[in-house]
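Notes follow once the structure below has been shown.
The values are calculated or read from the model by the stated rules, or taken from the named source; none is laboratory data. Small disclaimer: the values here were computed from a predicted structure and weren't measured. Cβ coordinates were reconstructed from backbone atoms using ideal geometry, including for glycine residues, and neighbour counts include every protein chain displayed.
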Amino acid sequence: MAHKLAHRGPDDFGTWSDETNGIALGHRRLSIIDLSRDARQPMIGPSGRAHIVFNGEIYNYRELRSSLRSEGISFRNASDTEVILALYEKYGIECLKFLHGMFAFAIWDSREKRLFLARDRLGKKPLYYISSPRRFLFASEMKALRLAAEPHDLEVDLTSLDRYLSHGFVSGPQTIYRGIVQLPPATALVATATDRLELKRYWNPAGFDRRRMSIAEAVDEADKRITEATRLRLHADVPIGVFLSGGIDSGLVTAMAAEATGRRVRTFTVGFEESGFDERPLARMIARRYGTDHHEVVLRPDVTDLLPAVARAYDQPFADASAIPTYCVARIARHHGLKVMLNGDGGDELFGGYRRSLAAAWFDRVAAVVGERRVARLAKLGVQFLPAPRVHRGFYAFGQRFLRGAAAQERNRIVIWSSDGFMREEKISLGFSGKVDDAEAADLGSYLPQDDGMSLPQRSLALDLFWMLPYALLVKMDVASMAHGVETRSPFLDHQLAEWTMSLPESVKLQGFTTKPLLRRVARKYLPSEVSSAPKRGFEPPLRRWLTNEIKAVRDDLLLAEGGLVTTMFCRVRLERFLQGSFGGDPDRWAHLTWILLMLAAWDYYVARAEAGC
């Protein structure tokens, strides 16, 4: 199992076992802090009571080490791993409240005869497990678990499949497999036997809109907090670079890293030949302002070769097409000798970077004046009489989606505004034979740390942070980067910064008609105006061109394969008609939905059926 994860830790390998108690730990190491063999894992604690395997970084480990030393605790190496062990031996499971960083770890306590697993507050680092009466297995990726899983553990979960079609990712903690579960973020698991598990959420943010602050005060405070979060993530015993797009979030991280280090920062930007997908000009402005050692790469990927590699890396269907350029840029960074890269992940989720948050805010404002029922009735009329949008990403398409959400029941609004995937009617029109869940929104409340009187905009922001972020965006980045042995650090995903932004009033976070208004004001201090005022653009490849040119043959081979999951779950005749490209008259939406189906078929062919020997 450990060797199956060699890409995540190519620098070292270790195992430890206790046959008497039936426990075995394995680890692959990516050496970043304390590169010596003294820091290899599995690692034993000072008293010999606890053994750990750990993935991640603890950013305040030096302060914690100093405090523990003052209490007479000695250390044998300079790693953050040994600090976790010392904290555990002193505080037990309560050690989690001291940790500031990203982590997934497991500790075997030989005295208490228990296995203790934990995952960081926002879900940066992954942790999957299988639990049965006979055994308990865990790993950072499902490909390791598949080696030891029973056949029934690897059956397709039809509810997860339906939700994948709706969203383009599998909503955790479930996975596409019936028997494999993802430990949720901010959760500890204690196993005292293979079938006796206790899960406890250890971090519950204080809530929303508790703080009163002017916009000017919020801008100054955000500046200070992002600067400090970036500074914390610059410590390593290996060089650090930055993934620099042409956007505000990675631009701010680049600016603050350059100012904090006082030396040239290495930045990497990926562009496409099509100008509409190319952010290199804006990234170049930022790089010039801060004198970075800047690398630009034009992606001309051989998608035919990349498709199986990406499908295998993600272990389950994953339809965010930006995973391919993310996978490529991580490979390029590693080729340049970098193991650690900073990025701008989390800026959208913390500061209202998606138009769905604006939709929620404006729905509430209009409903407060004319009444929610009247808004819903007017929206239903609009949906009935206005023609369908012909451009998937345009302003009219956004307005059409706003009306669909406004016309729906309250619990369904955010799902409609959030999801680009197949709608219920579209699944049925293609003859989907699986479970079609028309009340999925009822389950979204389980992702919220609390839901006592939240407004619609607050619920939207909370779901971005506690649902979309850990189960979509962070999965994309962790898998794509760690596939090449590259660790990514995200200053915006500092949990203290997250707590502060959640406490800000709506009037500060969601003012006016632009996304991320507060962060844009911070950006004006650091970035060219062309960047700070630019509309949000995703890291998106030319998907429609790929599907109708470079990979058209592969597309049809995978989607229409006899005995494949897609042709089993959908009507083949309707699929063939769908692939002709006339679905709803919107070529970009057709491309997006086709990609969702294609990544399902690619997972089925390159992962599920391949490992089953088909």
Hey, among the residues in segment 379-403 that are modelled with pLDDT of 75 or more and touching a helix residue (DSSP H, G or I) at 6+ places or on another chain (Cβ under 6 Å), which one's nearest to W362 (Cα to Cα)?
F402
Determine, yes or no, whether E273 is surrounded by fewer than 19 Cβ atoms within 10 Å (Cβ to Cβ), acidic (D, E) and in contact with a strand residue (DSSP E or B) (Cβ under 7 Å, 6 or more places away or on another chain).
yes
In segment 167-181, anything touching a residue at least 24 places away in the same chain (Cβ under 8 Å) and out of contact with any helix residue (DSSP H, G or I) (no Cβ under 8 Å at 6 or more places or on another chain) is listed as V181
With a cut-off of at least 1 residues that are free of Cβ contacts under 8 Å to residues at least 12 places away in the same chain and in contact with a Ser or Thr (Cβ under 7 Å, 6 or more places away or on another chain), name the helices (runs of 4 or more DSSP H) lying wholly within segment 211-290.
none
Considering (1) without any contact (Cβ under 8 Å) to a residue 40 or more places away in the chain; (2) touching a Lys or Arg at 6+ places or on another chain (Cβ under 7 Å); (3) of a type in the set (A, V, I, L, M, F, W, C), say which one W500 fails and leave the rest.
(1)
State whether one or more residues within segment 446-454 are out of contact with any helix residue (DSSP H, G or I) (no Cβ under 6 Å at 6 or more places or on another chain), among the acidic types (D, E) and either modelled with pLDDT under 95 or not assigned by TED's automatic domain parsing to the domain that holds P308 (or both).
yes
Options L473, L519; residue that is touching a residue at least 24 places away in the same chain (Cβ under 8 Å) and surrounded by 23 or more Cβ atoms within 10 Å (Cβ to Cβ):
L519
L593, sole failed condition from (1) in a helix (DSSP H, G or I); (2) modelled with pLDDT under 85; (3) within 20 Å of P317 (Cα to Cα):
(2)
Take L282 and decide whether it is closer than 24 Å to M482 by Cα, crowded, with 16+ Cβ neighbours inside 10 Å and assigned by TED's automatic domain parsing to the domain that holds R233.
no
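Each row is one residue, and each column tells you yes or no for (1) modelled with pLDDT of 95 or more; (2) surrounded by fewer than 22 Cβ atoms within 10 Å (Cβ to Cβ); (3) in a loop (DSSP other than H, G, I, E, B); (4) outside the structural domain of L565 (by TED's automatic domain parsing).
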| position | (1), (2), (3), (4) |
| --- | --- |
| L122 | yes, no, yes, yes |
| P126 | yes, no, yes, yes |
| I130 | yes, no, no, yes |
| P133 | no, yes, yes, yes |
| F138 | yes, no, no, yes |
| L145 | yes, no, no, yes |
| T159 | no, yes, no, yes |
| V190 | yes, yes, no, yes |
From the set of residues in segment 1-46 that are surrounded by 20 or more Cβ atoms within 10 Å (Cβ to Cβ) and part of a strand (DSSP E or B), which is farthest from the chain's Cα centre (by Cα)?
M43
Can you confirm whether F105 is part of a loop (DSSP other than H, G, I, E, B) and aromatic (F, W, Y)?
no
Being in contact with a Gly (Cβ under 6 Å, 6 or more places away or on another chain) and in a loop (DSSP other than H, G, I, E, B) is the filter here; which residues of segment 166-183 pass it?
G168
Taking I58 as meeting all but one of (1) at pLDDT 95 or above; (2) out of contact with any Gly (no Cβ under 7 Å at 6 or more places or on another chain), write down the number of the exception.
(2)
Any residue in segment 300-309 that is part of a helix (DSSP H, G or I) and among the polar types (S, T, N, Q)?
yes
Determine whether I130 is aliphatic (A, V, I, L, M), touching a strand residue (DSSP E or B) at 6+ places or on another chain (Cβ under 8 Å) and touching a residue at least 24 places away in the same chain (Cβ under 8 Å).
yes
Take A186 and tell me if it is at pLDDT 90 or above and on the phi > 0 side of the Ramachandran plot.
yes
Out of D315, D293, D345, I need the residue that is of a type in the set (D, E) and more than 30 Å from D420 (Cβ to Cβ). Which one?
D293
When residues of segment 47-60 are filtered for being assigned to a strand (DSSP E or B) and charged (D, E, K, R), how many remain?
1
Within segment 544-559, how many residues are free of Cβ contacts under 8 Å to residues at least 24 places away in the same chain and either under 21 Å from R589 (Cβ atoms) or under 26 Å from the mean Cα position of the chain (by Cα) (or both)?
3
Quickly run through segment 560-579 and pick out the residues that are among the aliphatic types (A, V, I, L, M) and either touching a residue at least 24 places away in the same chain (Cβ under 8 Å) or out of contact with any Leu (no Cβ under 9 Å at 6 or more places or on another chain) (or both).
A561, L565, V566, M569, V573, L575, L579
Hey, which of the helices (runs of 4 or more DSSP H) in segment 457-538, taking only ones fully inside, have at least 1 residues that are at pLDDT below 95 and more than 12 Å from the chain's Cα centre (by Cα)?
495-502, 506-509, 517-526, 529-532
Please go through (1) over 17 Å from L350 (Cβ atoms); (2) buried (at least 24 other Cβ atoms within 10 Å of the Cβ) for R524 and return the number of the only condition it doesn't satisfy.
(2)
